[in-house]
Amino acid sequence: MTIYDIAAKAGVSASTVSRVINARPGIKKATRERVERIIRESNFSVSEAARGLVNQTSRMIGILVSDIRNQHHTEGAYMIEQHFLRLGYCSMILNAGEDPESMAGHIMILASRRVEAAVLIGSVFQNALVEKAVRDYMPHIPVIFQNGEFSLPNVSSVLSDDEEGTFAAVRYLHIRGRRSAAYVSGPETPSGSRKISGYLRACGECRQDELLYFCDGTAEGGADVTEKLLAEHPETDAVVYAFDLMAVSGSRRILDSRRRIPDDIAVMGTDNSPFSSLANPRLSTIDTRLQELSSLCSVMLERALSDPSFREKRIITPSLVLRETT
């Protein structure tokens, strides 16, 4: 069915059908109801592709995550997608991978699909190849970077103050009497580097030795590096992890070593993910305030779509959620 078929069936002009579809005023109530009934009975749907050709718009938002299995990032993508769905936009969520060349290639994919705006979720996108791709292929469309930033006129940023969050966690543990707090970092990213800076600053202010360990960010990696940490530094009395999932698996190894949580070793994760509240014991965590991050990204992108000159950088300070592991 086309609008011409519907018009003939309703005994009106094609322009009248178009006005009904687009909720334009100036149509008699009886005429509108007749056209709407025929549209429903015919299972008619508007071709957004055809509409886009006429209006030179796609009503499409591109959202990139590096790994769609990362619950924290996909939850942020979901919140943004839902916001723009309510505004009549369709979101294309792509798994860009963790290789900079693959990420840059996905910027090209979004550009070829003529998205009206793009969202980059995660500081892992903060690299030279992605920045060049945005500059070359998306110079005139608004881009929002969640937890990262580029020095480009069309890119706005919403960042979590990861350094301050980790600093606050270690300082809290020190005030509670922990004198050998270790930090377990995930893969090298700008966000990860800020977290490490916070840990090292706290060690300096609290005058404690630095116990810095690295792993791949997985549950298995968190468990294995915890076992190594305990073997090399049995005096450890607190561990802060870069992600909640690592903290949960690390806690299992701590308990397996016959140490008590939090009596012998306090544990704190990062992100305030569902893992933290479901763990046993329930995990204390650094809340990076994902909902507020995603909400700000949505609001700023909505504004940028209506004002091409808009550009802003916002920083959100994490908070500590204290549960049974501290």
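The values are calculated or read from the model by the stated rules, or taken from the named source; none is laboratory data. In this text the structure is predicted, and so the values were computed from the model without any measurement. Quick reminder, even Gly has a Cβ in these numbers, built from the backbone with ideal geometry, and neighbours come from all protein chains shown. In case anyone asks, the SASA skips ligands and DNA or RNA and just uses the protein heavy atoms, side chains included. Shrake-Rupley method; radii C 1.70, N 1.55, O 1.52, S 1.80 Å.
When Pro142 is tested against (1) touching a residue at least 40 places away in the same chain (Cβ under 8 Å); (2) under 30 Å from Val225 (Cβ atoms); (3) not hydroxyl-bearing (Ser, Thr, Tyr), only condition (2) is not met. Within segment 288-298, being touching a residue at least 60 places away in the same chain (Cβ under 8 Å) and surrounded by 14 or more Cβ atoms within 10 Å (Cβ to Cβ) holds for Thr288, Arg289, Leu290, Leu293, Ser294, Ser295, Leu296, Cys297, Ser298. Yes or no: segment 243-266 includes at least one residue that is part of a strand (DSSP E or B) and either over 20 Å from Glu227 (Cα atoms) or of a type outside the set (Asp, Glu) (or both). Yes, because at least one residue in segment 243-266 is part of a strand (DSSP E or B) and either over 20 Å from Glu227 (Cα atoms) or of a type outside the set (Asp, Glu) (or both). For segment 277-292, the tally of residues that are small (Gly, Ala, Ser) and either within 21 Å of Pro153 (Cα to Cα) or assigned to a helix (DSSP H, G or I) (or both) stands at 1. Restricting segment 70-105 to residues that are in a loop (DSSP other than H, G, I, E, B) and touching a strand residue (DSSP E or B) at 6+ places or on another chain (Cβ under 6 Å), the residue that is modelled with the highest pLDDT is Ala96.
Of the set (1) in contact with a Leu (Cβ under 8 Å, 6 or more places away or on another chain); (2) surrounded by fewer than 16 Cβ atoms within 10 Å (Cβ to Cβ), all apply to Glu235 but (1). Select from segment 293-317 the residues that are out of contact with any Lys or Arg (no Cβ under 6 Å at 6 or more places or on another chain) and either farther than 27 Å from Pro139 by Cα or not in a helix (DSSP H, G or I) (or both) and list them in ascending order. Passing the criteria: Asp307, Pro308, Ser309, Arg311, Glu312, Lys313, Arg314, Ile315, Thr317. Of the residues making up segment 90-121, those that are open to solvent by 30 Å² or more (accessible area, probe 1.4 Å), of a type in the set (A, V, I, L, M) and out of contact with any Ser or Thr (no Cβ under 9 Å at 6 or more places or on another chain) are Met92, Leu94, Met108, Ile109. Asp67 meets each of the listed conditions (1) surrounded by fewer than 18 Cβ atoms within 10 Å (Cβ to Cβ); (2) modelled with pLDDT of 95 or more; (3) within 17 Å of Gly148 (Cα to Cα) apart from (2).
Taking residues in segment 65-78 that are of a type in the set (Lys, Arg), and partners anywhere that are surrounded by fewer than 18 Cβ atoms within 10 Å (Cβ to Cβ), the pairs with Cβ atoms closer than 9 Å and at least 6 places apart or on different chains are Arg69/Asn95.
Within the option set Leu255, Leu283, Leu278, being in contact (Cβ under 8 Å) with a residue 12 or more places away in the chain and among the hydrophobic types (A, V, I, L, M, F, W, C) holds for one residue only, Leu283. Checking Arg24, Arg19 one by one, the residue that is open to solvent by 60 Å² or more (accessible area, probe 1.4 Å), in a helix (DSSP H, G or I) and either out of contact with any Phe, Trp or Tyr (no Cβ under 8 Å at 6 or more places or on another chain) or modelled with pLDDT under 85 (or both) is Arg19 and no other. Each residue in segment 267-276 was checked for being assigned to a helix (DSSP H, G or I) and open to solvent by less than 10 Å² (accessible area, probe 1.4 Å), and 1 pass. As a summary of the residue check, Asp263 satisfies the conditions (1) under 18 Å from Gln82 (Cα atoms); (2) without any contact (Cβ under 8 Å) to a residue 24 or more places away in the chain except for the one numbered (1).
Checking each residue in segment 173-196 for being open to solvent by 50 Å² or more (accessible area, probe 1.4 Å) and under 24 Å from Glu232 (Cα atoms) picks out Arg176, Arg179, Pro187, Glu188, Ser193. Filtering Val134, Val124 for residues that are open to solvent by 10 Å² or more (accessible area, probe 1.4 Å), more than 20 Å from Arg59 (Cβ to Cβ) and either touching a residue at least 60 places away in the same chain (Cβ under 8 Å) or among the β-branched types (Val, Ile, Thr) (or both) leaves a single hit, Val124.
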